[in-house]
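Colleague: I have a structure here, written as structure tokens, and I will follow up with some questions on it.
The values are calculated or read from the model by the stated rules, or taken from the named source; none is laboratory data. This one's a predicted model, so the numbers in the text were calculated from it and none came from an experiment. Heads up, the Cβs are rebuilt from the backbone with ideal geometry, glycines too, and the neighbour counts pull from every protein chain shown. Ligands, DNA and RNA are excluded from the accessible area calculation, which covers all protein heavy atoms including side chains. Shrake-Rupley method; radii C 1.70, N 1.55, O 1.52, S 1.80 Å.
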Amino acid sequence: MTRSDQPNYQNDRTDRPELFFTLSDQVKYTPRAVLIDLEPSVVTKTTSVLPMINPRNVHLSDKGSGAGNNWSNGYVYGNEHQEELFNIIDREADKCDNLGNFQLFHSVAGGTGAGVGSLVLELLSDRYGQKKMINTFSVFPSNEDTSDVVVQPYNTMLTLKRLIDYSMATCVFHNDALNSIENILFNNKSSSNLQRFEATNILISSVCASVSNPLRFPNYAYASYESIFSTLIPSPELKFLSCSLAPFTNELSKHPYINEFDMVLELFKDDYKMNRVERPQELRHISIMNYLIGDNLNQQDIRKAVAKISQRVNFVDWVPSAIQMVNGRKSPFVSQPNEQRQLSGIQLSNNTSMISMFEKISEQFDRLYKRKAYINNYLPVTISDEAYEVESMFQDSKESVLRVIDEYKACCKADYLLDDVLDEDYMAS
């Protein structure tokens, strides 16, 4: 949650911590964050590492047994405890003088992040969705069928339906792609699972933090999430965004680049996209936004790099072949060893790589569902006061995902916008 007021205590600062933090009377910052889980281990570890988290903003299940990696268990729990959950959320929202948007950080394949996350999305949309933006940072499961959670295709399909219906923008983080990036980071295969887990969290958090850079260090452009995402998302259906991060060194903190030219070119490598690109030769882009974050950026190098890369990028026919650039600022509170000039960069892009990812999810779902495997583990649920049987719930979700796949395929056609105009003329007549 964010707000856009600027109190007097900010006069000696150039950043805006009040967007994501509340300042207490003891001059301590508390994140505007609500933590929800059905078992305590992850939240307990988080609050021990980040004691600034407000304990009143943490909700844990009394039973502490988790959702059993089952979407419906998490959804039903959220429905039963929605008053408790929204007492916390509303209390935090009420502290904002000018509430900007809600952000949901979750996974889509388990029980809590998927099930409770879906319920929270629905309720946020019902209470705030017409006035406030809701965007998500969503972690998708591996497509390699190696997960211990055999029902993850069910969970993913049900969660995707809610992302399609209620999120206004979704940044996709795909475990397959994250694992590939980690293999680049850790040439030494003996790296522990803990190191890789921490590396994954750093990759995701680096992107999430960088997206908000122009809000926290305001300039003349992109002063809100609405202005950022409206540049990238042309229609409600085409809202799933790829994220790229210029490669890290093994210290997971520094980029070994000399100039901005190199950084821009690296951001376009498919190896560094956080969702897997199955057929790069067929990739079509709808929009691209690059962030370069650093001090005294060399604009000439940036223009040269953009001109060079524009010749290689394949855009859909109905959009201008323009690459948006954001000049971000380094935080003055982050130390730079040996006074080295540090650059970092991320890319947000809307492209057709989502087609293959969603098709793979659909194939995995179909393999389970055609045998009705494990379907008895899922409960009928009530959605917007309407009771849904399990099979109807799955069918609706599958139809929504197929509709998005078709929309991404259709947007590759030169007459994509013409079809919309014809539809509008038909409705008018």
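Colleague: When the Karplus curve 6.51 cos²θ - 1.76 cosθ + 1.60 is applied with θ = phi - 60°, which whole-Hz ³J(HN,Hα) does each residue of the range 261-272 get, with x for Gly and Pro?
Modeller: Once rounded to whole Hz, the list reads 4, 4, 4, 4, 5, 5, 5, 8, 6, 5, 4, 9.
Colleague: Same structure, new question: Based solely on its DSSP helices, what 222 nm [θ] is calculated for the chain when runs of n ≥ 4 H residues each add -39,500 (n - 2.57) and the sum is averaged over all residues, nearest 500 deg cm²/dmol? Working shown, then result.
Modeller: Working: 14 runs with 172 residues, N = 429.
Rounded to the nearest 500, the figure is -12500 deg cm²/dmol.
Colleague: Kindly state, to the nearest 0.05, the FRET efficiency for Cys208 paired with Val149, given R0 = 30 Å and r defined as their beta-carbon distance.
Modeller: E(calc), rounded to 0.05, equals 0.80.
Colleague: Enumerate the amide H contacts of Asn70 below 5 Å, restricted to partners 5 or more residues apart or on another chain; note that Pro and chain-start residues carry no placed amide H.
Modeller: Gly111
Colleague: Here's another thing I want to ask about it. What shape does the chain take by its C-alpha gyration tensor, where a ≥ b ≥ c are the square roots of the eigenvalues and a/c under 1.5 counts as rounded, a/b above b/c as prolate, and the rest as oblate?
Modeller: It comes out rounded by the Cα gyration axes.
Colleague: At 1.4 Å probe size, with the rest of the protein present, what percent of the exposed accessible area of the range 92-241 is carbon and sulfur atoms?
Modeller: Carbon with sulfur: 50 percent of the solvent-accessible area.
Colleague: Next question. Among Ser397, Ser362, Asn377, flag the residue with its Cα farthest along the positive direction of the charge dipole of the range 321-412, charges on Cβ as +1 for Lys/Arg and -1 for Asp/Glu.
Modeller: The residue sitting farthest along the positive end of the dipole is Ser362.
Colleague: Just the number, please: carbon plus sulfur as a percent of the accessible area of the range 44-85, 1.4 Å probe, no ligands or DNA/RNA counted. Each step should come with its number before you reach the end.
Modeller: On the way: 1240 of 2450 Å².
Whole-percent figure for carbon plus sulfur exposure: 50.
Colleague: Follow-up. Tell me the accessible surface of Tyr374 in square angstrom (1.4 angstrom probe, heavy atoms of protein chains only), to the nearest ten.
Modeller: For Tyr374, solvent-accessible area is about 100 Å².
Colleague: Also, quick follow-up: Working out 0.36 nm times the residue gap between Ser310 and Glu226, then minus their Cα-Cα distance, what length gain in nm do you get to one decimal? Each step should come with its number before you reach the end.
Modeller: Details: separation 84, 0.36 × 84 = 30.24 nm, distance 2.53 nm.
Computed gain between Ser310 and Glu226 is 27.7 nm.
Colleague: Kirkwood Rh and Cα-based Rg: tell me the resulting Rg over Rh for the range 51-135, rounded to two decimals.
Modeller: Using Cα coordinates only, the ratio equals 0.97.
Colleague: Show me the ranking of peptides 114-123, 64-73 by mean Cβ neighbours inside 10 Å, starting with the highest. Don't skip to the end; give the middle numbers.
Modeller: Working: 114-123: 25.6, 64-73: 20.5.
Output ranking for 114-123, 64-73: 114-123, 64-73.
Colleague: List the residues whose amide H sits under 5 Å from the amide H of Asn314, counting only those 5 or more places along or on another chain, with H placed 1.01 Å from N in the peptide plane.
Modeller: Close amide H contacts, sequence-distant or interchain: His285.
Colleague: Still on this structure, I have one more. What is the range 38-185 by shape, rounded, prolate or oblate, if you read a ≥ b ≥ c off the alpha carbon gyration tensor as root eigenvalues and call it rounded for a/c under 1.5, prolate for a/b larger than b/c, and oblate otherwise? Could you put the intermediate results ahead of the total?
Modeller: Numbers: a/c = 1.44, a/b = 1.34, b/c = 1.07.
Judged from the Cα gyration tensor, the range 38-185 comes out rounded (a/c under 1.5).
Colleague: Hey, in the GNM for the chain with a 10 angstrom Cα cutoff, which one of Asn327, Asn79, Asn219 fluctuates hardest?
Modeller: Asn219
Colleague: Also, quick follow-up: From the protein chains alone at 1.4 Å, what is the descending order of accessible area for Glu391, Glu39, largest first?
Modeller: Details: Glu391 90, Glu39 55 Å².
Correct descending sequence by accessible area is Glu391, Glu39.
Colleague: Please give the contour-minus-distance gain from Leu418 to Asp385: 0.36 nm per residue of separation, less the Cα-Cα distance, rounded to one decimal in nm.
Modeller: Going from the current span to full extension adds 8.1 nm.
Colleague: Another question, then. Among 97-108, 291-302, 166-177, what's the highest-first ranking by average C-beta atoms within 10 angstrom per residue?
Modeller: So the order, starting with the most tightly packed, is 166-177, 97-108, 291-302.
Colleague: Same structure again: Extension gain Leu23-Gln395, at 0.36 nm per residue separation less the Cα-Cα distance, in nm?
Modeller: Details: separation 372, 0.36 × 372 = 133.92 nm, distance 4.68 nm.
Stretched out fully, the Leu23 to Gln395 stretch lengthens by 129.2 nm.
Colleague: Turning to a different aspect of this structure: Step through the residues of the range 49-59 one at a time and calculate ³J(HN,Hα) from phi using the Karplus curve (6.51 cos²θ - 1.76 cosθ + 1.60, θ = phi - 60°), rounding each to whole Hz and writing x for Gly and Pro.
Modeller: For the range 49-59, the Karplus-derived couplings read 7, 10, x, 6, 4, 6, x, 6, 9, 10, 10 Hz, x marking Gly and Pro.
Colleague: Right, another one. Among the lysines, select those whose C-alpha is under 19 Å from the C-alpha of Lys360, and discard any that sit fewer than 8 residues away in the same chain.
Modeller: Those lysines meeting the cut-off are Lys161, Lys239, Lys273, Lys370, Lys372, Lys398, Lys409.
Colleague: Which whole-Hz couplings ³J(HN,Hα) result when phi for each residue of the range 303-314 is put into the Karplus expression 6.51 cos²θ - 1.76 cosθ + 1.60, θ = phi - 60°, listed in order with x for Gly and Pro?
Modeller: Whole-Hz 3J(HN,Hα) from phi for the range 303-314: 5, 4, 5, 5, 4, 5, 6, 4, 6, 9, 7, 9.
Colleague: So, one more: Of Thr47, Thr14, which has the most accessible area with a 1.4 Å probe, and how do the rest follow in descending order?
Modeller: Working: Thr47 45, Thr14 85 Å².
Output order, biggest surface exposure first: Thr14, Thr47.
Colleague: Which whole-number value in Å² is the accessible area per residue of the chain, probe 1.4 Å?
Modeller: On a per-residue basis, 48 Å².
Colleague: Follow-up. What FRET efficiency do you get for Leu402 and Asn179 if R0 is 25 Å and r is their Cβ-Cβ distance, rounded to the nearest 0.05?
Modeller: That pair, Leu402 with Asn179, gives E of 0.40.
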